[in-house]
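The values are calculated or read from the model by the stated rules, or taken from the named source; none is laboratory data. Treat the numbers as computed from the prediction; the structure is a model and nothing was measured. No Cβ is skipped: glycine too gets one built from the backbone with ideal geometry, and neighbour counts run over all protein chains shown. Surface accessibility is based on the protein's heavy atoms, side chains included, excluding ligands, DNA and RNA. Shrake-Rupley method; radii C 1.70, N 1.55, O 1.52, S 1.80 Å.
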Amino acid sequence: MLAAMFIAVTSDAQFFFRNKDARGTSAGSYEVTLLNSGQANVQHSSRNPIFENARPMIWFDGEVAPAPLPVSGNVSKRNDISDALGKGQGLTIERGECVWSLRIYPAEPFFCAQVAYTNQTKEPVRVRMLSPWTAGDGKRGGFTLGDGTATCTVLEGGKTFPGDTGIAGLRTGPGECLWNLAALNSKTDRNLVAGFLAYTTGYGKLRITPPSGKGRDHWFSEFAAECVYDPPVTVQPGQQLVSEPLYLGVSEENVLEGLERYGWALASANNINREQMSFLPHGWDSWSTEYRNDISEAKVIENLEFLSTNLARYGWNTMAIDDGWQVALGDWDPSPERFPNGMKPVADAIHAKQMTASLWVAPFRVNVESALAKAHPEWLRAPNELGKQVVGEKDRILDVTAPGAYEWVRDLAKKVTQDWGFDAIMEADFAYYLPLAESYHDSTLTRVEVYRKGMQALREGMGNDKFLMGLAPHPITGMYAQGMRLGNDCAPIWRKTPDKWPWGAVESLSNAARKYYYAPWVWRADQDCVFFAHEETRNRWEVAEQPALTHDESIAWLTGAALTGGIVKIGDRFSALAPNEIAALQKVLPVLDRPARPVDLFREENPRIWVLPVKAAFGEWTIVGVFNWSDQEQVNTLDFRELGLASNAYYTVYGFWEDKYYGTAEKQVQVAVPPRGVRLLSFRQYEGRPMLLATSRHFSGGATDFTALHWHDDERRLDAAFNGVANTVYKLRVFVPEGFDEPTVKVSCGEATTAMEGRVLAIEFTCAEAVPVEWSVAFK
């Protein structure tokens, strides 16, 4: 963590300037100036202001408003710093009860702020909030992104603690949100990315206040980043309270790069990295299927056999058992009727198929009729007013601060993963109940600390080698869980019915797009289940009034799930899948190691253009998902600069799902997308010779299975190798320019059929065994 942010190695500082009224540090693209008054200004190197009159604030319990903490530029110190985010320059301002630290990283577009308050009185005080950075006081100073600031677009990190029921917000202008935000002024293309880097005691709130008067529409009158303590923290005489560290990205050239950098910084500050995972649990959610909570050992084995035969070799590696296996909520032993042999034999059977096993639990939700509730009523708490909106009448919240309760949670996690052998808890459901209790045995803890205590108990019992899927509050859960359910449960529908609960494809994928930047560093995303149009599943969800999903709609949903770079699941019974559904599922795993970037995130309510660059040892290309959420065909003009492509080069364009070559294009290309559909395109820079366009095995066109791809100019031959999947028909597409004739195809695993379709050579063959495959095409 960056809790020890004030500890630094001191030496001669660099990039430091001062005059009689101010001192400061230059980071190259921006400057931080500390006035003698102790307030700070930030401006671009071009002298365009960003923040003015920033200072730390504190809000004591019982007071009507926050108050500035005492600071003075005359008593500031400078030092070199080195932490998880890099090396740089520190400015520390100490005066009386306040220590304010600013950390600037040369050549980086961000800096960090943190404040510590020491109680120098003789009596305890209660603190509601600490702000390491509040710019402007409603009259002077504030925050600006230039002309048009008042109507900038703001992407919000969240709205309520502990979690939200809606899609991550996208608003215009002032407002407040939790965790983090990104503001973009499309008129000036200037932006701000701000967010907290830890949540040890409080949660983060960010407020932007409207302009204060005429002629000030290019300034927000206040920007405040606040650590909120619920309940207020008691600080004893001589004791120190340290705010969470705040990240401020002030000079990003591209706001999306800024969001991604913030995701990296949040992970780095907490010493976590989800880029390389031992496995991602791709499979199903049994509760979402027609079974709902009527799951049993027999049903698990039936679907396991189908999965093993048809999909396991394509990356569908997990059999997940959801709600219904247990005796009761609170009594986490297997139902003797449904799992008569217990849970360990089931996990063993899954492992025997070389697959991973996961189990659903809800350790912090306890039914009042359960044996646990009767044995330990002192562990249970009623919900507070907010909690009453989500906690059922017959449910109570497990208080992990009560003696013995923490150990019970730890031992439950150990039983599931270590004793029974499950590889994942997927998911630790209803964990967001933890901060919603009316009171706790340990009244000194904040609700954030209570939540962290519960998650720590789970992780301690599981060990670090097991996979945990978590839920809101996302930024805190991400400190413990590798996977993250990003939103509401989904039903087999394209778009949700207003005022009804389950989401459809549009809501689920739009929400995932708005939170894409946390991956792959903080967590891997779970946008919930993808569905096909199974009548039994539709009946389970009671969505008869909604049109059944078409196959194209399911393909669009599946494409979006794969492009998140996270967990891909279906909500239909495996053993009921049709051949065309199986064929689609065989083409999307494994996912790539990072999510696609929704380049129109700040323009579209439902982002439509998702860009995923591919870098392999044998080449680079770009995958682009172009979605149409509407009921009419849409024609999209894709600007190569926005896609990250060179504007002075030609690219081949190939559509994966429709198996269609669209030709070569320069600077831009127009793509027509059918209603409620997707075009999944690959762009490869044209090299004036035969080149691979696509392979039917995987949507990435070779990123996950190819090991070599090489053109021999002297022999006019294209060679390639990949790891073959057993009993799989491969269809390769090779672009053949004019002047390259009479292709001769060789494949190491058998005979291939070939055909010229315009300038595209179609090659088809079957790989009978899981072996390395080599193929080549020679031309005259």
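Summary of computed values
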read-out: Largest to smallest principal axis extent of the C-alpha atoms in region 356-405, angstrom; value: 40, 26, 21
read-out: Of all DSSP beta bridges in the chain, antiparallel share, percent nearest 5; value: 90
read-out: Angle in degrees between helix 505-514 and the longest Cα principal axis of the chain, rounded to the nearest 10; value: 50
read-out: Expected 222 nm ellipticity per residue - DSSP helices of 4 or more, -39500 (n - 2.57), all of the chain, to 500; value: -4000 deg cm²/dmol
read-out: Signed unit charges on C-beta, dipole axis of the chain, positive-most listed residue LEU643, LEU445, GLY166; value: LEU445
read-out: Value of relative contact order over the chain, rounded to a whole percent, pairs C-alpha under 8 Å and six or more apart; value: 8
read-out: Pairwise FRET efficiency - ALA67 versus GLU378, Cβ, R0 = 35 Å, nearest 0.05; value: 0.30
read-out: Three-way shape label, region 16-270, alpha-carbon gyration tensor, a/c 1.5; value: rounded
read-out: About the Cα centre, charge dipole magnitude for region 16-270 (Lys/Arg +1, Asp/Glu -1 at Cβ), debye; value: 640
read-out: Signed unit charges on C-beta, dipole axis of the chain, positive-most listed residue LEU412, ALA40, PRO690; value: ALA40
read-out: Contour excess over end-to-end distance, with Cα ends at ASP442 and GLN634 and 0.36 nm allotted per residue; value: 63.4 nm
read-out: Euclidean distance between Cα centres, region 616-689 to region 700-747, Å; value: 21
read-out: Simple Cβ-charge dipole of region 172-229, Lys/Arg +1 and Asp/Glu -1, about Cα centre, in debye nearest 20; value: 140
read-out: Among 685-691, 280-286, the order from most to least packed when residues are scored by Cβ within 10 Å on average; value: 280-286, 685-691
read-out: For region 116-181 and region 198-231, distance of Cα centres in Å; value: 3
read-out: When each of LYS394/LYS496; LYS344/LYS466; LYS87/LYS615; LYS394/LYS453; LYS299/LYS496 is checked by Cα-Cα distance, pairs over 18 Å; value: LYS394/LYS496; LYS87/LYS615; LYS394/LYS453; LYS299/LYS496
read-out: Percent carbon-and-sulfur accessible area, region 690-779, ignoring ligands, DNA and RNA, probe 1.4 Å; value: 46
read-out: Where labels lie 7 Å past Cα in the beta-carbon direction, separation of GLU604 and ARG140 in nm; value: 4.7
read-out: Spatial separation of Cα centroids for region 515-555 and region 368-411, in angstrom; value: 32
read-out: Under 11 Å, Cβ to Cβ, from TYR291 - net charge with Lys/Arg +1 and Asp/Glu -1; value: -3
read-out: Relative contact order computed over region 690-779 (Cα-Cα under 8 Å; 6+ residues apart), in percent; value: 35
read-out: Overall form of region 690-779 per C-alpha gyration tensor (a/c, 1.5; a/b vs b/c); value: prolate
read-out: Within the accessible area of region 16-270 (1.4 Å probe), percent carbon and sulfur; value: 46
read-out: Residues listed by number, region 248-271, amide nitrogen under 11 Å from HIS44 label point at 7 Å toward C-beta; value: 251-254
read-out: Solvent-accessible area per residue, Å², over region 581-628 with all protein chains present [probe radius 1.4 Å]; value: 34
read-out: In Hz, Karplus ³J(HN,Hα) per residue of region 699-707 (6.51, -1.76, 1.60; θ = phi - 60°; x = Gly, Pro); value: 4, 7, x, x, 5, 9, 10, 6, 10
